[in-house]
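Nothing in this text is a laboratory measurement; each read-out follows from the coordinates by a stated rule. Computed from a prediction, not measured in an experiment: that's the story for all the values here. Virtual Cβ from ideal backbone geometry, glycine too; neighbours counted across all protein chains shown.
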Amino acid sequence: MAIRSWLKAPDPSTNFVAACDKRTHDTGSWILSYTQYVQWCQGKPGILWIQGKGKKKNSTLIQTSKNLMKIIKLANPAVECYYYYFDNRDNLDMKTNARGLLQSLLLQMATRTEGVHPALHELYTKCNQGNMEPTTVDLSATLAAVTNSLSPAFLVLDAMDECSEAINVFKHLALFKDKLYIAVTSRYKAEASYDVTWSIYLNETDYNFHQDIGKYLQDKLSNHKLQPELFTEIVDCLTKGAQGQFRWVDCQVTVLQRCATPKSIRDALKKLPKTLEETYTVAIERLKESEHLQDRVQLLMWLAYSFTPLSIMEVTEILAVDLEAQIFKPDARSLELESRTYDILDSTLITVSVNKIVQLAHNSVKEFITQTHPQGHNDRVFEINEHLAHSTICQTCIIYLLQFESEEFYAFKEDYPLALYAAEYWPLHMKGLNDNLMEEEQARYLAISLLSESNRPQYVNWVRIHQQDGSYDPTLNANTVSTPLYYMAFSGLSSMVKHLLEENKVDVNAQGGRYGNAIQAAAYKGHKNIVHLLLEHNADVNAQGGEHGNPLHAAVINGNKNIVQLLLEYKADVNAQGGIYGNALQGASCRGHKDIIHLLLEHKADVNAQGEVYGHALQAAVILGDRSIVQLLLDHQADANAEWRDHGCALPWAAVFESNKDIVQLLLEHHADVNAQGGEYGNALQAAAYRGHNNIVQLLLEHKVDVNAEGGEFGNALQAAAYRGHKDIVQLLLEHKADVNAPGGGYENALQAAAYGGEKDIVQLLLEHHADVNVQGGEYGSPLHATVINGNKDVVQLLLEHNADVNAQGEHDGNALQAAAYSGHKDIVQLLLEHEADINSQGGFYGNALQAVAYSGYKDIVHLLLEHGADVNAQGGYYGNARQVAAIEGHKDIVQLLLEHKADVSAMGPYGHALQAAICGQDKNIIKLLLAHKPDANTLAALEEAASRGCTDIVQLLLWHKGDINNLQAYGSALHAAACEGYMDTVLFLLEHKANVNAQDRDHGSVLQAAAIGGHRNIVQSLLEHNADVNAQGGFYGNALQAAVIDGRNDIIELLLEYKADVNAQGGEYVNALQAAVISGNKDIIQILLEHNADVNSVGVYGSAIQAAVFEGCIDIIQLLLEYGADVNIAGPYGNALQAAYRGYSDIIQLLLEHNADVDCHGGYYGNALQAAAYSGHEDVAQVLLTHGADVNADGGEYGNALQAAASCH
């Protein structure tokens, strides 16, 4: 989700859904007859450009893309198909430029169910974990890497004529055309000349347009039941009039659909407008004749200039805003807008998709209503003025927000569908006015009102709905919200900033918000005029705080050179620390802003200043991969060996990227230490070896790098190259005297790394250079073990031929045979046995090979091992023996096979015996199989196991095999087990079959106590109804009541008391229920027990109940006990209650003394309360005791008297 959010890709699915809504089945198949299409689809990948060739700019007969996706998928069902729609109705321009296309395709191709593609993840990391926006160049390069790693796929791009950067788009497409079958559709562009492989130019005479029109009309006019001759007339008329324009046909259909009779249809056909422009003119004229014209004009403005598509519910809110009265009227919301949409605006002009999104029906509608018409047309066509539209929308949004005056509004914001759009986009619409004073005045007046102190609640709610700076703080309130100046500066609204500074006299340096203050926000967003305005009003040019630390750093991040220059002119500290990158120079290096770097260096920026993320500017430039910036920094005395924490220095980072050879060379020329340690791979040589960069490895070797340098994830360069399968680099390293047996890294040595990866050629090469085939260590123990795990038989054979120890032990999987058996590699198991592998060798997690394969379930390997003499009853490993693991994992066929080979069905393991293991796995077929071999179900606790898992059907099966329903095992009877775990059905079944409801168990005592401990009231109720002894003694808690008290179940306690539980019964861990409740600190339960006549002075493990309460420090419980007559002077093993003085509870001591506690009462470890307070150092408690007459010289206790107690500890 983090990467998806960071990409901010436009969503083409809205266009796709709209296209699907209009698509007619079985149209567009004519494309299959074009030679160019066949060559494109069946040949090598390339670009096919399909253009609608007609007489006019709007001559677009192309339904092609809407049908092309389906045709491609039908012909190539196993091939991925991606899509994108350019759309100039998008006022944010995301769907009209190259960047939006690249972002969307990356989202589609590189974020799939199996995870994020490594190339995209690397870009995300390079962009500081999503804190930086990627450049278009980076997006394109990453997409190229993604497409190069994927199987050939299809890509359909629709409406290229609506793209504002077609030249750039085709340049990017050229990078992918060898891996993608790219189909581009557009209007005809005679002036365009792009690098495409195939082109198709279409017009109504080039293909069976007549046939597609017929299918389309058949679909759209199906409700009219037209006579064949009339239908033919319609098709002929519309085909002739269309001149290749499918859009024109679509518009006329809406007119014909309103005709009720054949005559009216023929009349309409005679009056059809000749062009698309005339069609729209007629639609507009119809609107002018209807009532509520202003609403319709307002809605057209919204549809033409809103920044996101509008939902039906948002349209409802818009039309309920009264612009003249400047109020929102909830009772003016249309109750039937969804069904009346086309009554408000002609369906020629708008469309409503299946997901209730309202849009202009086509981009040509926007072109028509926003263009300046020829002289003579203005009397019949009204025009939408862009500035007026932005002003109208801005006013509507602010009026809507001004209704939210309640602090509780935020909880009900879902009831206001326009709230999010209004909050997010009103500043952008106001900015769209471009200081047009005529249209700005009213919007500005409303904005001032929203930001005023008198409308503070509305202002706070606006910010809470959408925090303009991208932060998200759900706890934001009137005390923590940032200032209006901050948000206006961020939004780039200079007129509002000027008003706040000059009219409202606001604090220009007020802190708050994601970017700390107004000047940093404006600097980050690139609003130079506002930065200048703030500086003229004494904004602190070095103000600290916010995400980027200071204004200079913020300006640098987004490459705003002119603002950087301005801030430096105002004496910004060029070396100020703070922000994501620590300082401005590193920030500029990270972002690749060479001109800004030069400017900062001219102003004496410290080229070696340390900071966050990459440590220093040179390292940032190296990671960015910009040689010119690296050169610039080195020319200004950047230290090539400067280190940053555990990231090391620049050279190891430079070696990571193959394209950085020139940078590596440059660093070495500037005396970079070729053996410097640091970075993910330990050193430059290991980084280059791991990445497979032969040219960089060669360069480093020429500079006398230590070929055996240790460090990094793989220990050394040889192991890194071997793991990654770079044979040529392994060869090169060996030629330069790399130690073939050098230890270290995750795989301990190069041979194990190569063996794990199945790199036979590299294994062979290493062995030829005398690699130790039996070296121990690493994740898998030995090279043989490592390659067995991954099933690399050829490598196994090779290692065995070189005398690999077939019985060498590893850690988790024991030996190679166990690993092969577990992994299901039968051919390798056979091979190992042929090389005298010890079939019964013990070790590893599973103990032996037979148990390992019994777990993973490969019957054929089990059979093979048994044929070779595997001990079917061998004990060991986590599961004890093979039949137990097979039983618990549910492998019936393996259990059967083991039994046929005389497996001991009663042998014990961690899960008991095989029958218990099978019950754990809840496989009735295996249980029946084991029972057929007559194990003693009573001595083996099978019934208890089944009951503890609620397996009533298995309990029934065991009873049928003569299981003793009252057999007592370590944890009691089956009824105990079911009651404790809460399986009501099993409890009822056992009771129906005469289970002893009063059976006793050592730990749980009675069944009733077991149910109470588990907190299962329904089971407690059932047991009582079956005559369970409510006062049965035994078990850890003594009786059911005390168990329920400890578990804190008021409902069970009250139920037991209803059934006459003895509230004063003695026994168990806490002696009685009252003391158990006091120790648990549950005042409600104490109240219940006392109301049922619990003896408030009965003695328990801590003495009396009040002593227990004092010990726990619960003053409210003490007060409750005192209300019920607790005796404060009852003595116990700890003396009396007053000896709580040891714990320092002065308020409790005071309370006890007020209730006549004997201040000199003797007893307990400390003899008296004063000595206890003296020993523990609680001077305030001692003072209270002395004030109440405590004898300072009283003898007794561990320390003799209070003075000696105090001296011994202090």
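For 279, 136, 96, what ranking results if the residue with the fewest other Cβ atoms within 10 Å of its Cβ goes first?
By the 10 Å Cβ count, ascending, the order reads 136, 96, 279.
Out of 598, 1034, 1148, whose Cα points farthest toward the positive end of the dipole of the chain (charges: +1 Lys, Arg; -1 Asp, Glu; placed on Cβ)?
598
Report, ordered by chain and residue number, the aspartates and glutamates lying within cross-link reach of residue 171, taken as a straight Cα distance under 15 Å and ignoring same-chain residues fewer than 8 apart.
138, 195
For residue 503 and residue 1097 in the same chain, what is the full-extension length gain: residue separation times 0.36 nm, less their Cα-Cα distance, in nm?
206.2 nm
Efficiency by 1/(1 + (r/R0)^6): what FRET value for residue 445 and residue 606, r their Cβ-Cβ distance, R0 = 30 Å, to the nearest 0.05?
0.05
For the pair residue 577 and residue 924, what calculated FRET efficiency results from E = 1/(1 + (r/R0)^6), where r is the Cβ-Cβ distance and R0 = 60 Å, to the nearest 0.05?
The computed FRET efficiency comes out at 0.30.
If you line up the long axis of helix 276-289 against the longest principal axis of the chain, both from Cα atoms, how many degrees apart are they, to the nearest 10?
Around 70 degrees separate the two axes.
Using 7 Å Cα-to-Cβ label points, what is the residue 452/residue 1060 separation (nm, one decimal)?
Rounded to a tenth, the inter-label distance reads 8.0 nm.
Once you charge only the Cβ atoms, +1 for Lys and Arg and -1 for Asp and Glu, what is the size of the charge dipole of segment 1088-1210 about its Cα centre, to the nearest 20 debye?
The dipole magnitude comes to about 260 debye.
What per residue convex hull volume, in Å³, do the alpha-carbon atoms of the chain yield?
301 Å³
Run the numbers on the chain and let me know its relative contact order in percent, using alpha-carbon pairs under 8 Å that are six or more apart.
Relative contact order for the chain comes out at 3 percent.
Estimate the FRET efficiency between residue 129 and residue 295 by the formula 1/(1 + (r/R0)^6), using the beta-carbon distance for r and 56 Å for R0, to the nearest 0.05.
For residue 129 and residue 295, the calculated efficiency is 0.70.
I'd like the orientation of helix 456-465 relative to the chain: the angle between its Cα long axis and the longest Cα principal axis, in ° from 0 to 90, rounded to 10.
90 degrees
Report the label-to-label distance for residue 1165 and residue 266 in nanometres (one decimal), using points 7 Å from each Cα along the Cα→Cβ vector.
Rounded to a tenth, the inter-label distance reads 11.3 nm.
Normalised by the number of residues in segment 865-996, what is the relative contact order in percent for Cα pairs under 8 Å and 6+ residues apart?
18 percent
Expressed in nm to one decimal, what extension gain is obtained for the pair residue 1002 and residue 662 from 0.36 nm per residue of sequence separation less their Cα-Cα distance?
Full-extension gain reported as 114.6 nm.
Over segment 1129-1210, consider all pairs of different Cα atoms and compute the Kirkwood hydrodynamic radius from their mean reciprocal separation; express it in Å, one decimal.
Result for segment 1129-1210 stands at 11.9 Å.
Using 32 Å as the Cα-Cα cut-off, could you pick out the over-long pairs in 793/928; 8/561; 329/356; 95/356?
793/928
How would you order 570-580, 525-535, 748-758 from highest to lowest mean count of nearby Cβ atoms within 10 Å?
The most tightly packed comes first, giving 748-758, 525-535, 570-580.
As a footprinting exposure proxy, order 519, 47 by other Cβ within 10 Å, with the fewest listed first.
Fewest-to-most ranking of 519, 47: 47, 519.
Any idea what angle helix 13-22 forms with the longest principal axis of the chain, computed on alpha-carbon atoms, 0 to 90 degrees, nearest 10?
It works out to around 60 degrees.
At q = 0.17 Å⁻¹, what is the log10 ratio I(q)/I(0) for segment 215-272, with the Debye formula run over Cα points and no solvent?
-0.47
Which order do the peptides 814-821, 415-422 come out in when sorted by mean C-beta neighbours inside 10 angstrom, highest first?
Highest-to-lowest ranking by the protection proxy: 814-821, 415-422.
For segment 707-934, what number results from the quotient of the Cα radius of gyration and 2.2 N^0.38 Å?
Against the empirical 2.2 N^0.38 Å value, I get 1.16 for segment 707-934.
Just tell me which lysines come within less than 26 Å, Cα to Cα, of residue 225; anything on the same chain fewer than 8 places away is out.
Residue 225 reaches 22, 215, 240, 263, 270, 271.
Tell me what the chain gives for mean residue ellipticity at 222 nm when only DSSP H runs of n ≥ 4 count, each as -39,500 (n - 2.57), the sum divided by the residue total, rounded to 500 deg cm²/dmol.
The helix contribution divided over the chain gives -14000 deg cm²/dmol.
About the Cα centre of the chain, how large is the charge dipole given +1 on each Lys and Arg Cβ and -1 on each Asp and Glu Cβ? Please answer in debye to the nearest 20.
Dipole of the chain, to the nearest 20 debye: 5400 debye.
Using the Cα centre as the reference, give the magnitude of the dipole from point charges on the C-beta atoms of segment 707-934 (Lys, Arg: +1; Asp, Glu: -1; all else neutral), rounded to the nearest 20 debye.
Once rounded to the nearest 20, the dipole reads 1060 debye.
By how many nm would the segment from residue 122 to residue 477 lengthen if fully extended, with 0.36 nm per residue of separation less the alpha-carbon distance?
Net length gain for the segment: 124.0 nm.
Hey, fewest Cβ within 10 Å first, where do 366, 793 land in order?
With the sparsest Cβ surroundings first, the list reads 793, 366.
Under a straight-distance cross-link criterion of Cα-Cα below 15 Å, which aspartates and glutamates are reachable from residue 505, leaving out those fewer than 8 residues away in the same chain?
Answer for residue 505, where 15 Å is the Cα cut-off: 453, 536, listed by chain and number.
7 Å from Cα along Cα→Cβ at both residue 218 and residue 1050: what's the point-to-point distance in nm?
It is 7.3 nm.
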